[in-house]
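Working notes, beginning with the structure itself.
The values are calculated or read from the model by the stated rules, or taken from the named source; none is laboratory data. If you're wondering where the values come from, they're calculated on a predicted model, not measured in any experiment. Don't worry about glycine lacking a Cβ; one is built from the backbone with ideal geometry, like all the others, and counts go over all protein chains shown. Surface accessibility is based on the protein's heavy atoms, side chains included, excluding ligands, DNA and RNA. Shrake-Rupley method; radii C 1.70, N 1.55, O 1.52, S 1.80 Å.
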Amino acid sequence: MSFTRALVAISACKVFQTMSPLVLPGQVFLPNSSVYNESVNSYFAAFEREVVPECIIKPNSSADVSVIMTASVAANTKLAVRGGGHTMWAGAANLQGGATVDLRNIKGVVLSNDNTTVSVGAGETWGSVYEKLIPLGLMVAGGRMLDVGVAGLTLGGGLSYFTGKVGFVADTVTNFEIVLASGQVVNANKDTNTDLFAALKGGSNNFGIVTKIDYPVFAHKYMWGGMSAFQAPSEPELFKAFTDFATAPTGDVDAQVILSVGFDTSIGVELSVASQYYTKQVEVITPPPSLAPFSAIQPQVFSSLRSDTILGFVAEQNAYNVPGARQLFFSATFKPDAALQQQIVEKWRDIIEPLKTAEGLAIYLVFQTLTKEMLQKSAASGANSFGLDTADGPIVSLLINPVWKSQADDSRIIAALTELVAAVDTLATAAGKYSKYRYLNYSFGTQNPIDGYGEASKANLKAVSKKYDPTQFFQSNVPGGFKLS
Ligand SMILES: Cc1cc2nc3c(=O)[nH]c(=O)nc-3n(C[C@H](O)[C@H](O)[C@H](O)COP(=O)(O)OP(=O)(O)OC[C@H]3O[C@@H](n4cnc5c(N)ncnc54)[C@H](O)[C@@H]3O)c2cc1C
């Protein structure tokens, strides 16, 4: 089938409906069909569910994606690319009035014969990967929530339970299969299309539609960890323990702590939770020394520290993340400093005070360290796009996560949280602890995480984009996600 490039953009859905009986049979879905409704209502957050695409296309294979790409470029149509649908802001992976390519039918979690690599279809979630690997005593470095998409998480970086040992999830990838705007299906790995391979590690949806990703697999059966919860008076001790962990001269590569401070109007008090994880395959009877300072802090509201499988820990976190809510992620970064962390929490307290009248409001600050060991491992794993120098580390990724009920509160909550991000940057700059890096997967649509990679990385990403997408289709016709301009 050949297409002549249209001079003006036409409806992608009309193009695909015309083609559908021949080349995409049963893969184009219009509003009010059950498949369309399921797709729209399966986005994680309300904002993406409220976007109304003209149609949803559900390819089954990279060959189908190739047909979609060729036709879209020829007809100059606009597309959205959707994986697990967990980005929260409207339009990241959905397109108002356009065609949304829902990749969830691109399946497959296939182990290599020697059990060293798993090849995962771009429509899979981390839950499916773990279901396949855990019964075999195997594991990959992947997401810490079941329904998060494999491809979206990896293309934005990917923070796993194993960051200290492997760097970002993207750093572990051995091959990306990707459909370019030309419709060509190519591989990117350490020997083939090496510039594209590096660009995809952090470069998100700017180069093509990824259809399959290969990850190394390792033996792993159980780990230790869980949550310890505290009230506000414990904050100074928690921030000291967090900063000591982040700046330890020799970091424990098997350990991880995710510290959250939150206010939930339904319980009316602030709570801090230290989620601690230790992945080494040894029997843990008492907390490992690197994490012991957290469980030593008293009093505690509750504690769930235990040995368990990864699935057990992921399920514990899943219970706190209810799909369909109005919620967003915002990202900031600073260098570890307990006093600065306290100032940030105080600023957060001031800024959220007037928001407490919003129905169902909960607002969390989630601190995670990108340790120097993680950054060293990331750098040693080969080129990527994050623009992070080992000398930049350690750094703390701050995820700000508001949840609320009513659309009427959208604009004041978004304005307040945008103000909070700016205030964090100001406080960090004043303390000499500012970092321009923004974790892409935690960034809001108005933030620009690719600028945070630095000028050299951004220039390289643009060059790779021009090489593999000469007509710049993914810059002009795939408006969702974080673009290179
Ligand atoms: C409850 C929850 C838990 C989370 N836990 C973690 C965690 O443990 N670690 C972590 O690092 N992050 C985590 N995140 C953040 C998560 O990594 C991002 O939201 C990520 O973008 C989700 O990917 P997705 O495929 O589900 O999302 P989508 O919204 O479908 O996609 C995200 C972006 O990637 C693009 N994209 C998706 N698939 C492809 C593809 N095949 N080819 C090209 N572009 C594609 C989309 O166009 C979109 O711009 C979590 C998020 C939530 C909501």
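To keep it simple, each residue is scored yes or no on (1) surrounded by fewer than 18 Cβ atoms within 10 Å (Cβ to Cβ); (2) part of a loop (DSSP other than H, G, I, E, B); (3) more than 10 Å from the ligand (Cβ to nearest atom); (4) within 23 Å of the chain's Cα centre (by Cα).
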{"site": "VAL73", "(1), (2), (3), (4)": "no, no, yes, no"}
{"site": "ALA90", "(1), (2), (3), (4)": "no, yes, yes, yes"}
{"site": "THR100", "(1), (2), (3), (4)": "no, no, no, yes"}
{"site": "LYS107", "(1), (2), (3), (4)": "yes, yes, yes, yes"}
{"site": "GLY127", "(1), (2), (3), (4)": "no, no, yes, yes"}
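Has segment 158-171 got any residue that is in a strand (DSSP E or B) and within 8 Å of the ligand (Cβ to nearest atom)?
Pass one, segment 158-171, residues in a strand (DSSP E or B): none.
The answer is no, given that none of the residues of segment 158-171 is in a strand (DSSP E or B) and within 8 Å of the ligand (Cβ to nearest atom).
What single numbered condition from (1) in a strand (DSSP E or B); (2) surrounded by fewer than 23 Cβ atoms within 10 Å (Cβ to Cβ); (3) away from the ligand (no atom under 15 Å from the Cβ) fails to hold for ASP191?
Tallying (1) in a strand (DSSP E or B); (2) surrounded by fewer than 23 Cβ atoms within 10 Å (Cβ to Cβ); (3) away from the ligand (no atom under 15 Å from the Cβ), ASP191 fails exactly one: (1).
Whether any residue in segment 243-259 is under 29 Å from ALA93 (Cα atoms) and surrounded by fewer than 17 Cβ atoms within 10 Å (Cβ to Cβ) is what I want to check. Write out each step before concluding.
Let us first name the residues in segment 243-259 that are under 29 Å from ALA93 (Cα atoms), namely 258-259.
Remaining after also requiring surrounded by fewer than 17 Cβ atoms within 10 Å (Cβ to Cβ): none.
No, there is no match, as no residue in segment 243-259 is under 29 Å from ALA93 (Cα atoms) and surrounded by fewer than 17 Cβ atoms within 10 Å (Cβ to Cβ).
Taking only segment 129-153 into account, find how many residues are more than 17 Å from the chain's Cα centre (by Cα), open to solvent by 10 Å² or more (accessible area, probe 1.4 Å) and either farther than 21 Å from ASP308 by Cα or within 14 Å of the ligand (Cβ to nearest atom) (or both).
0
Are there any pairs, at least 6 apart or on different chains, whose C-beta atoms fall under 7 Å, with the first in segment 406-421 and over 17 Å from THR265 (Cβ atoms) and open to solvent by 20 Å² or more (accessible area, probe 1.4 Å) and the second of a type in the set (A, V, I, L, M) and part of a helix (DSSP H, G or I), and if so, which?
Partner pairs satisfying both residue conditions: GLU419/ILE351.
What are the pairs with Cβ atoms under 8 angstrom where one residue, in segment 317-328, is among the charged types (D, E, K, R) and the other, located anywhere, is more than 8 Å from the ligand (Cβ to nearest atom) and assigned to a loop (DSSP other than H, G, I, E, B)? Sequence gap at least six, or different chains.
From residues that are among the charged types (D, E, K, R), the pairs are ARG326/LYS405; ARG326/SER406.
Residue check: is SER411 hydroxyl-bearing (Ser, Thr, Tyr), in a helix (DSSP H, G or I) and either within 16 Å of the ligand (Cβ to nearest atom) or in the same structural domain as LEU79 (by TED's automatic domain parsing) (or both)? Quick ask: steps written out before the conclusion?
Details: hydroxyl-bearing (Ser, Thr, Tyr): yes; in a helix (DSSP H, G or I): yes; either within 16 Å of the ligand (Cβ to nearest atom) or in the same structural domain as LEU79 (by TED's automatic domain parsing) (or both): no.
Considered against the rule, which asks whether it is hydroxyl-bearing (Ser, Thr, Tyr), in a helix (DSSP H, G or I) and either within 16 Å of the ligand (Cβ to nearest atom) or in the same structural domain as LEU79 (by TED's automatic domain parsing) (or both), SER411 comes out as no.
Only one of (1) under 26 Å from the mean Cα position of the chain (by Cα); (2) surrounded by fewer than 16 Cβ atoms within 10 Å (Cβ to Cβ); (3) not hydrophobic (A, V, I, L, M, F, W, C) is not met by GLU316, so which one is it?
Among (1) under 26 Å from the mean Cα position of the chain (by Cα); (2) surrounded by fewer than 16 Cβ atoms within 10 Å (Cβ to Cβ); (3) not hydrophobic (A, V, I, L, M, F, W, C), the lone unmet condition for GLU316 is (2).
So is GLY382 surrounded by 19 or more Cβ atoms within 10 Å (Cβ to Cβ) and either in contact (Cβ under 8 Å) with a residue 40 or more places away in the chain or touching a Lys or Arg at 6+ places or on another chain (Cβ under 8 Å) (or both) or not? I'd like the intermediate steps shown before the answer.
Working: surrounded by 19 or more Cβ atoms within 10 Å (Cβ to Cβ): no; either in contact (Cβ under 8 Å) with a residue 40 or more places away in the chain or touching a Lys or Arg at 6+ places or on another chain (Cβ under 8 Å) (or both): yes.
When the stated conditions are applied, GLY382 does not pass them.
State which residue is surrounded by the fewest Cβ atoms within 10 Å (Cβ to Cβ) when the search covers only segment 76-88 and only residues that are among the aliphatic types (A, V, I, L, M) and within 19 Å of the chain's Cα centre (by Cα). Show your work before the answer.
The initial filter retains those residues of segment 76-88 that are among the aliphatic types (A, V, I, L, M), namely 79-81, 88.
Subset that is within 19 Å of the chain's Cα centre (by Cα): 80-81, 88.
Values: ALA80: 25, VAL81: 26, MET88: 23.
Only one residue tops the list, namely MET88.
Go through the residues of segment 221-230 one by one and say whether even a single one is of a type in the set (Ser, Thr, Tyr), open to solvent by 10 Å² or more (accessible area, probe 1.4 Å), more than 16 Å from the ligand (Cβ to nearest atom) and touching a strand residue (DSSP E or B) at 6+ places or on another chain (Cβ under 7 Å).
Our first condition is that a residue be of a type in the set (Ser, Thr, Tyr); within segment 221-230, this holds for 222, 228.
Okay, now just the ones that are also open to solvent by 10 Å² or more (accessible area, probe 1.4 Å), so 222.
Next cut, more than 16 Å from the ligand (Cβ to nearest atom) only: 222.
Imposing the further condition that a residue be touching a strand residue (DSSP E or B) at 6+ places or on another chain (Cβ under 7 Å) reduces the set to 222.
The answer is yes, given that some residue of segment 221-230 is of a type in the set (Ser, Thr, Tyr), open to solvent by 10 Å² or more (accessible area, probe 1.4 Å), more than 16 Å from the ligand (Cβ to nearest atom) and touching a strand residue (DSSP E or B) at 6+ places or on another chain (Cβ under 7 Å).
Tell me the residue from GLN96, GLN184 that is open to solvent by 10 Å² or more (accessible area, probe 1.4 Å), assigned by TED's automatic domain parsing to the domain that holds GLU54 and not aromatic (Phe, Trp, Tyr), please. Before the answer, list the steps.
Working: GLN184 fails: assigned by TED's automatic domain parsing to the domain that holds GLU54.
Of the residues listed, the single one that is open to solvent by 10 Å² or more (accessible area, probe 1.4 Å), assigned by TED's automatic domain parsing to the domain that holds GLU54 and not aromatic (Phe, Trp, Tyr) is GLN96.
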